[in-house]
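Q: Input: one structure, supplied below.
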Amino acid sequence: MAVLRLGLLMAAVGGAISGYGAAAPSAARPLPRVVLRSDGIASGDAHRSQGLRFGTAKSAAVAAASVLLGTPLGSQVSPDCGIGHPMTLVTYKGGFTLQFLKEKLVGWSLDRPADPRFRTAAGITIGSTLAAVRKGYPNIDVDDGSLGPMFTRLGDPSGFLDGLSPNSHVTGLYAGRTCMVW
């Protein structure tokens, strides 16, 4: 039954991405796991699902994301983050934000308090330890950057930490072009 639900959900997401539209999930249906990828997001298994990729038109991306995440909580335009063009941030329940530049999906971010169903393919989420991040993503770069402790690795989601020790915790995740608004 779970496989059938996931298949129907991905068909709906595929339809939204293709421009056929999609409806927001009903309250009775549980929302699926969301896999946070370096090129977008996916439902369920990140390796079998095409998901929602960067470059998708804003209208299609918001429709597809609404199938996975429910109705957006709101949106805001940030004139300072788009390098000469305003960036639009669409927020969802669970600390998740889609980020758009010139009407195209260019990034995502996950902040606290985060819904635990948001995870990277390696299982990393808000609250994971730096030790778990290093295990899931060997050879990451960790430093005390201008925005605070963070980790990065080309081709994988990046994130913020509350310290640099192995027991430090992930406080935020992101991929693509993002505008961090506090």
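The values are calculated or read from the model by the stated rules, or taken from the named source; none is laboratory data. Keep in mind the model is a prediction, meaning the values are calculated, not measured. Neighbour counts are summed over all protein chains in view; Cβ atoms, including those assigned to glycine, are modelled from backbone coordinates with ideal geometry.
Q: Evaluate the following for S109: is it touching a Gly at 6+ places or on another chain (Cβ under 7 Å) and either buried (at least 18 other Cβ atoms within 10 Å of the Cβ) or not in a strand (DSSP E or B) (or both)? Can you show your working first?
A: Numbers: touching a Gly at 6+ places or on another chain (Cβ under 7 Å): yes; either buried (at least 18 other Cβ atoms within 10 Å of the Cβ) or not in a strand (DSSP E or B) (or both): yes.
Yes; evaluated as a whole, the condition is true for this residue.
Q: Taking region 86-129, which residues are within 13 Å of T178 (Cα to Cα), over 13 Å from the mean Cα position of the chain (by Cα) and not polar (S, T, N, Q)?
A: P86, M87, L101, K104
Q: Quick one: how many residues across region 51-80 are assigned to a loop (DSSP other than H, G, I, E, B), surrounded by 13 or more Cβ atoms within 10 Å (Cβ to Cβ) and modelled with pLDDT under 95? Can you show your working first?
A: Kept after step one, since they are assigned to a loop (DSSP other than H, G, I, E, B), are these residues of region 51-80: 51, 54-56, 70-73, 79-80.
Now drop any that are not surrounded by 13 or more Cβ atoms within 10 Å (Cβ to Cβ), which leaves 51, 54, 56, 70, 72-73.
Pick out the ones that are also modelled with pLDDT under 95 and you get 51, 70.
Looking only at that region, the number is 2.
Q: Could you pull out the residue among D144, D156 that is part of a strand (DSSP E or B) and not assigned by TED's automatic domain parsing to the domain that holds A65? Step through it out loud before you land on a result.
A: Working: D156 fails: part of a strand (DSSP E or B).
Result: D144 is the single residue among D144, D156 that is part of a strand (DSSP E or B) and not assigned by TED's automatic domain parsing to the domain that holds A65.
Q: Of the residues in region 130-151, how many are within 21 Å of the chain's Cα centre (by Cα) and among the polar types (S, T, N, Q)?
A: Count: 0.
Q: From the list S66, S43, which residue is touching a Pro at 6+ places or on another chain (Cβ under 9 Å), among the small types (G, A, S) and under 22 Å from V170 (Cα atoms)?
A: Details: S66 fails: under 22 Å from V170 (Cα atoms).
S43 is the lone residue from the list that is touching a Pro at 6+ places or on another chain (Cβ under 9 Å), among the small types (G, A, S) and under 22 Å from V170 (Cα atoms).
Q: Inside region 113-137, can you point out the residues that are of a type in the set (G, A, S) and not in a loop (DSSP other than H, G, I, E, B)?
A: Restricting attention to region 113-137, the residues satisfying the condition of being of a type in the set (G, A, S) are 114, 121-123, 127-128, 131-132, 136.
Passing the criteria: A131, A132, G136.
Q: Right, next: Looking at region 123-135 only, could you name the residues that are at pLDDT 95 or above and over 15 Å from G172 (Cβ atoms)?
A: Listed by number, the residues that qualify are A131, A132, R134, K135.
Q: Any residue in region 95-108 that's farther than 20 Å from D156 by Cα: show its pairings with residues that are among the aromatic types (F, W, Y) at Cβ separation under 8 Å, as long as the two are six or more apart or on different chains.
A: Cβ pairs passing all conditions: K104/F54.
Q: In addition: So, in region 133-170, of the ones that are more than 18 Å from S109 (Cα to Cα) and touching a Leu at 6+ places or on another chain (Cβ under 6 Å), which residue ends up surrounded by the fewest Cβ atoms within 10 Å (Cβ to Cβ)?
A: The residue in question is P166.
Q: Going through L110, L89 one at a time, which residue ends up being aliphatic (A, V, I, L, M) and within 14 Å of S38 (Cα to Cα)? Can you show your working first?
A: On the way: L89 fails: within 14 Å of S38 (Cα to Cα).
Result: L110 is the single residue among L110, L89 that is aliphatic (A, V, I, L, M) and within 14 Å of S38 (Cα to Cα).
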